[in-house]
Every structure is written in C-alpha cells, then in structure tokens.
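Contents: one structure, followed by commentary.
The values are calculated or read from the model by the stated rules, or taken from the named source; none is laboratory data. Just so it is clear, the model here is predicted, and its values are computed rather than measured. Note: ideal-geometry Cβ built from the backbone for every residue, glycine included; neighbour counts use all protein chains shown. SASA here: full protein model, heavy atoms, side chains in, ligands and nucleic acids out. Shrake-Rupley method; radii C 1.70, N 1.55, O 1.52, S 1.80 Å.
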Amino acid sequence: MPLMLSFNIMPFTIKRIVRSIAGILLPPGYDSVEDRGRKRLFVLFLFLIILPMTLFGIIHLKNGVYHFGAIDIAIAAVLCCVIAVHRFMKNPLGIYRFVIVMLICLLFYWIKTGAVAGYASIWVLTFPLFAFFMTGRREGLFWTGIMAGSTVFLFLNPFSIDSVWDYSSEYVSRHLISMLMITLFTYLYESMGEKFKVTIENERSLLLTEKERLSAAKSVVEEMNFRLTDEMVVRRSTEEELRKHRDNLEDLVVERTRELRRYTLELEKSETRYRLLADNISDMIWSLDLNFKTLYVSPSVYEMYGYTVEEALTLPIEAIHTSDAMKKVRRIYEEQLKIEALPDPERDRYIVLQLKHRRKDGSLFDVEIRVSFIRDESGRPIGLVGVTRDVSDRVRALREKEKIQEQLAQAQKMEAIGTLAGGLAHDFNNILTGILGSFDLLGLMMKNEKLAEREKIERYIAMGIESSKRSVDIIRDLLALSRKQAVRQAPVDINEAVNHTLDICKNSLPKSIALDFKTSPDRPVIMGDMGQISQVLLNLCINSSHAMTIMRGPGELEGGVLSVRVDTTGPDSPVDKEEGDDRVLKSWVRIKISDTGVGMDSDTIPRIFDPFFTKKAPDTGSGLGLAISYNIIKNHKGIVRVYSEPGKGSLFTLFFPLSESRAIRQSIVGDAADVVRGTGTILVIDDEQMVLNITRGFLEQTGYSVLTANTPAEGIGIFRERHAEISAVIIDLSMQGMSGIDVYRELKAIDPGVRAILSSGMLDDEAKERAQAAGIREFASKPYLARELSVIVQRVLE
C-alpha cells in the first residue's frame, strides 16, 4: 500500500512544479500581447498621419488647390480603410508592407516638395520605429535603408534637380545624424527583443519536453498500479479456486475426462466440415508457420494461381508476391510480432491486406487477405492462418468510380473558371472601352489639326488601337472558355494566323528549338475567330516546345525541330470518311504541327484533352491549354487528330472547313472618312463615367447632340422630361439597381416608339434573346470604336 500511495502522489507533485515553472517563464497570452501592441502602434501611427493629411487637404481645398487637396483627402481615406481592414486579418504583415510602401512614397513626396516649409521631412525620423516594430529587425532594416537612401538623395540633390526643395546643410546634418541614431537604437532594441523571444521559446520547448516526460512517467506508474491491483485480484481468485479444486479434485477429473471425449468428437466432426468447406470454396484458405513455410492450402489455389496443391506446398511465398507486396507483408508481420511482445495483446485480432499477387503465368492481380495468428494452449503464436480472395473486379470498379468522381470535380472546376471568366470579361471590356475609345477619338480629332509629326503620332495611335484589340481578343477567349459567348464568325486567313504564331515563337521559345513553318500558296480562308485560332496554334507550339525541353529526362539534350505545315484537302479527304456518313463531304484546311520531343504512349493520348490533365512537372503546366484548344476547334466545326510514339515525337493534325469566300478579315481603322455622320439627340445611360465620356465624344464627333445619365433613375427621368427631342437611347445592360432591359421597359412605357441600343461588356446569347423579347433590336458590344457605334446608331434611326 505505501508503494501505491507514493505512485499516486508523485504525478500530482510533479504536475504542480511544472505548472509553477510554466507560470513564471510563459505568461499567458505572450504572443497575443505582442500582436496587439503592434496593431495598436500601427493604428496610432496611421492616425498621426491621417489627422495632418485631412487638415492639409481641407486647407488646400479652401485655398483652391483642388488637386493636392483631393490627393491628401484620398490618402487619409485609404489609411482609414486600412485601419478598418487590418483588424480582421489574422496575419496583417501584408497590409503593414503596403502601408510602409505608401509611407515611403508620401515622405519622398514631402521631402522633395518641401512640405510645410521643409519641416514635413521630420516625419522621416519616425519611420525606423514604425518599420522595425511592424516588420521585424531584418525587413525593418531593409525598408529603413530604402527610406534613408531616398532621404539622403533628396537632401544632397547631387544632380541639382530644380523641383527638389533646397535644405540647409545644418538642417541636413542634424536630420541625418538624428535618423542614424534612431535607426541604430531601434535596430539594437529589435535585436535584443528577438533574442529574448528566442530564449522564451527555448524555455517553452524545454518545459513542454519535461511535461511530456512527466506524463509518460505518470502513465507508467498508473499502469503499474493497475497491474498490481489485477495481480492481487487474480491471486485471491487463484487461492479460492485451489481450495475448490482441492476439495473436488476427483469429481473434477472425471468431469474433465467426459468433456474431453465430447470435445474430441466435436473436433473430429468440425474438422470434417471444415475440410469439406475448404475443398469447395472459391477463396483460398491457407496456413503457414512463423517462418512462412506453407503447411496447408485449399484446392482453390489452382483456380486462383494456376498451381496444384502439391506445387503450392513447396512454393516459397515470394513466388506469388510482387517485391512491393513482399516488403509490405514483412513490415506488417514485424509490427504484429512487436504487438505480441506487449503485456496484454488482443488474442483474437486479425488484419486485412490488399496486395498485388502473381499467377503461375506471370500475370498480376489484386487480392484481399484476411490473416490472424494460430496460437497454442498458452496463447503463444505458432503459425498463421488466412483467407485470400481475388478482388480484381472490385478494385477495377473502384478505380472507375474514382475516375468518374475526378472527372466530376474537374467539370466543377471548369464551371467555376467559366463564372470567373465572365465577371472578369465584363469589367475588362468596360476598361478597354475607355482605352480603345480614347485612341479612336484622338485619331478623329487629329484630322482637323495641323501637326508637324502627324505620321509618327498616327503610328503610335494605331499601335495603341491594335494592342487594345489584342486585349479584346483575349477577353473573347475567356468568354469562349466559359461558354458565355458564341464564336464571332469572320473570314480568317490561316496563313496570317500561322505567321503571327511564328513571330511569337521566334521571340519566346528557346533558341534550341528550330522553327520550320511553311504556309499554303492558296491563302486558305476559314470562317471563325482569328484570336481563338491563333491561341490554338500557340498552345500546340508551346506544348511541342516543352516536349523537346523541360519534359526530357536527366542527361538528355534539350532541343529539336518544331514544324508547321498548311495545305488544303479535297471533298474526298479521309477525314470525312472517318467522321461517318452523317457529315457532308467538304473541303478542308489542314494544319500539321509536329515535333521531335519525348512523345506519348497509347494510354496518355486519349486523356490529353481532359481538363487539368498534364504530364509536366508541378508548377510548369495547368492542364488547361489542350482542353481550351479542343473546345475552340469543336466550336469552329473542326477536327483534331493526334499521332505520337514515345521517344520519337508527336503530330497534331487540325482540320477546319474551307470557306468559299476569299475575303480576309480587316481590322477596323478609326478613320474620320469611315464614320457615318448623322443628326439628332442621343441619350446615353451607363453607370461607368469613363464609358459615358467616350460615347459622348464618339457621338459628338459624328454630328449628334448627347445627353448622359450615370444611373438608371436619372436616365428615366431625363427621358420622361425630354423624350420628344430624343432620337435614340444607348443603355448599358448591367447597372446597379436595375438592368438595361428593365430600363428599356420603363422607357417604352413612357414612349412606345423609343429606339434603343443595348450595350455591354459581356453580351451573351441569352441576354440578346431576353432583350429581343423585350423589343430591343440593336446591340453594341464593348469596347466599340467610333465607326462601329456610328453605323449602329444610323441603323437604329433608319
């Protein structure tokens, strides 16, 4: 009993000692106190900036300096938003960095302009304290170095820049010495703080280690107490049983002998039934000794493995196990022997394994094994017994199910990407309306100006328009991916698309790739979208480049030949016959893209167009390029054929229906002569001010009077008052509070004869159908040029 009491008292005493030490060295909320202090300093510092910025902004606005006043108020508003946002961030380091960069720019501006007669530069002295405390010693030193370098540069002004404020040498020397001292003291303080924190963390780790050791010791002591208690109970029970056996020994011997005879008869019957079952069951029953020597195997071994019972009894188990399966068996067997060495292992336990086994003919198949120990009377393991079942069909069905689930997940990802693409396309098209429209307006207004360098300016404007159009093509590709917009049908010169792809490949692919591009002398034309066709060609060329470079094995030389060929095929081409009788025989444009890369096996080729499937290394491919290309080809009523051999390269053959027209798509040029002029008053309703300004400029340049409204309610109000003089209305589809179609219905209630044009950055087929059902007949897709808009307005006024 004293021993048991000592075991019980020891964990309690040790626990109290550990708690006392932890309470001294690890105060509660240590990390949270530091974080809260950093956040409070952050807020205090920002308030110290917000107050003067607000004051300066109000003073500037009162003095009529609206530009600086608006900037000061905007900076104060941004900092207020930062204060509001950072409270909800678990890791606000990113917003600290954002504010630091913003402060560097603000202080740089103050020093350069000599704000507050040059004394605004004193704020620089507070920057090291803020940077070090917010981001730590190393990163704080980095930001402080940037700020100090900028300050020295502006104070010394080595290049004598006129716009830089002239500071006295005495002020500069005092300021720089003060900043150096503050930086050094702050750096030393942060260094000591980090060392203290490291020391605390080390002490904390030691305490946790000691706690784990004490917990282990407590478990051992408790286990010993339980074992002693069990042993005492067993001892009392044993003594009681001995007394009973001593009194009834003769009767017990007779009874045991009778029971033994009965058990022997039952065992013989059971063994007969067991052998009958084992000889006829489809699963294989077997037993081994502890050295893995086969003692028994059921006749089903022949159906499952192809071995007779006699062959199986002399066969080492390594013959039916793969190397990986054998390693797994030995590892689990060793784990089970360790469990047997424990004080009280579970006697009736069993394990279930799924392994790869080998038949007599060498073929592999999946099996499930249920195995347990054979024990002697004392419970000691003397062998193994198990049942082996062929689960090939079940594993095959499970893999098929996993494949279907994976495809479903990939389809859901594609749907999410499509939704995101639609939203981005709407916003970007509104932005591009302002960019492209500004270039077009400049071109229109320059026609009436006499400029010395007109040709050079017009060249740069044309360059800006072309770049903006390429951005429009990218947005259209996003919409095609999300299936939000149909393919825009226009004549596409395949030679032009291939040459455009060649220019990109020359500038972007590795120099180890030899480019062999040949176009067709017939200049074949298809109906489709130039941007999407170019995207398909570029995707396939990039994949070929990767197959000849980053996908090669270690030690293999990178490089090869990328070939592109363009020609045409007649109506009796093999591609029509392969597609079946339901396709009308036609002529095709054929594009062959081949490489000398790593190639693909027959298992890979059927999956290359699946979304997110890729054989490239992580972070080098998304698995979307070929999936997007496949959708584009199908949307253009095209066909793709793939041939590849491992180690020899791949050949992609694209077929597109040949157009009867030989017209080549021409880019719309913003020429004043192309603008269709007219007269009348046009009302423009759009919640984007930039779009309103550009549309007003277009219409005024083409002779119209323009009214604008940046909310649906304002537009309806203007139309209600002045609908008699308004010739037509241009309405944005997506606006806050009310859609463009609903706005049209309100206008139509006021004037049933209203003529309307629906504009949008994402005008899909569904929106067009709803608009046409409401009565709208004309549409303008953003971004549009002056000529496009003038033609649409003229058409709606006819």
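Tabulated values for the structure
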| read-out | value |
| --- | --- |
| Hey, G64 of a type outside the set (D, E, K, R), open to solvent by less than 20 Å² (accessible area, probe 1.4 Å) and over 19 Å from W143 (Cα atoms) or not | no |
| Scan of the stretch 134-164 for residues that are outside any loop (DSSP other than H, G, I, E, B) and in contact with a Lys or Arg (Cβ under 6 Å, 6 or more places away or on another chain), ordered by number | L154 |
| Subset tally (residues that are assigned to a helix (DSSP H, G or I) and either in contact with a Ser or Thr (Cβ under 8 Å, 6 or more places away or on another chain) or of a type in the set (A, V, I, L, M, F, W, C) (or both)) for the stretch 44-79 | 25 |
| One residue from A749, A767, A756, A773 being of a type in the set (G, A, S), surrounded by fewer than 23 Cβ atoms within 10 Å (Cβ to Cβ) and in contact with a strand residue (DSSP E or B) (Cβ under 9 Å, 6 or more places away or on another chain) | A767 |
| Test: residue in the stretch 190-197 that is among the acidic types (D, E), part of a helix (DSSP H, G or I) and over 17 Å from F42 (Cβ atoms) | yes |
| K360 vs. criteria outside any loop (DSSP other than H, G, I, E, B) and open to solvent by 70 Å² or more (accessible area, probe 1.4 Å) | no |
| Scan of the stretch 684-741 for residues that are open to solvent by 10 Å² or more (accessible area, probe 1.4 Å) and of a type in the set (D, E), ordered by number | D687, E688, E700, E714, E721, E725 |
| Elements of type helices (runs of 4 or more DSSP H) in the stretch 729-798, at least 3 residues being closer than 19 Å to E700 by Cα | 786-797 |
| From the options Y171, Y167, residue that is open to solvent by 20 Å² or more (accessible area, probe 1.4 Å), hydroxyl-bearing (S, T, Y), out of contact with any Asp or Glu (no Cβ under 7 Å at 6 or more places or on another chain) and not in a helix (DSSP H, G or I) | Y167 |
| Residue list for the stretch 80-128, restricted to those being touching a Leu at 6+ places or on another chain (Cβ under 6 Å) and either basic (K, R) or not in a helix (DSSP H, G or I) (or both) | K112 |
| Checking T568 against (1) β-branched (V, I, T); (2) in contact with a Gly (Cβ under 8 Å, 6 or more places away or on another chain); (3) at pLDDT 85 or above, the condition it does not meet | (2) |
| Condition check for E222: farther than 20 Å from D344 by Cα, open to solvent by 70 Å² or more (accessible area, probe 1.4 Å) and out of contact with any Gly (no Cβ under 8 Å at 6 or more places or on another chain) | no |
| Single unsatisfied condition, F226 versus (1) modelled with pLDDT under 80; (2) among the aromatic types (F, W, Y); (3) more than 22 Å from V371 (Cα to Cα) | (1) |
| Selection from the stretch 111-123 of residues that are open to solvent by 40 Å² or more (accessible area, probe 1.4 Å) and not hydroxyl-bearing (S, T, Y) | K112, V116, A117, I122, W123 |
| The stretch 624-649, subset in a helix (DSSP H, G or I) and open to solvent by less than 10 Å² (accessible area, probe 1.4 Å), residue modelled with the highest pLDDT | I633 |
| Residue among T126, T144, T135, T151 that alone is in contact (Cβ under 8 Å) with a residue 12 or more places away in the chain, within 20 Å of G37 (Cα to Cα), among the hydroxyl-bearing types (S, T, Y) and surrounded by 17 or more Cβ atoms within 10 Å (Cβ to Cβ) | T135 |
| Residue in the stretch 693-710 that is in contact with a helix residue (DSSP H, G or I) (Cβ under 7 Å, 6 or more places away or on another chain), free of Cβ contacts under 8 Å to residues at least 60 places away in the same chain and β-branched (V, I, T) present | yes |
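Per-residue answers, yes or no, for (1) in contact (Cβ under 8 Å) with a residue 24 or more places away in the chain; (2) under 16 Å from R370 (Cα atoms); (3) of a type in the set (K, R); (4) surrounded by 12 or more Cβ atoms within 10 Å (Cβ to Cβ):
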| site | (1), (2), (3), (4) |
| --- | --- |
| L315 | no, no, no, yes |
| T322 | yes, no, no, yes |
| K328 | yes, yes, yes, yes |
| K338 | no, no, yes, no |
| A341 | no, no, no, no |
| D348 | yes, yes, no, no |
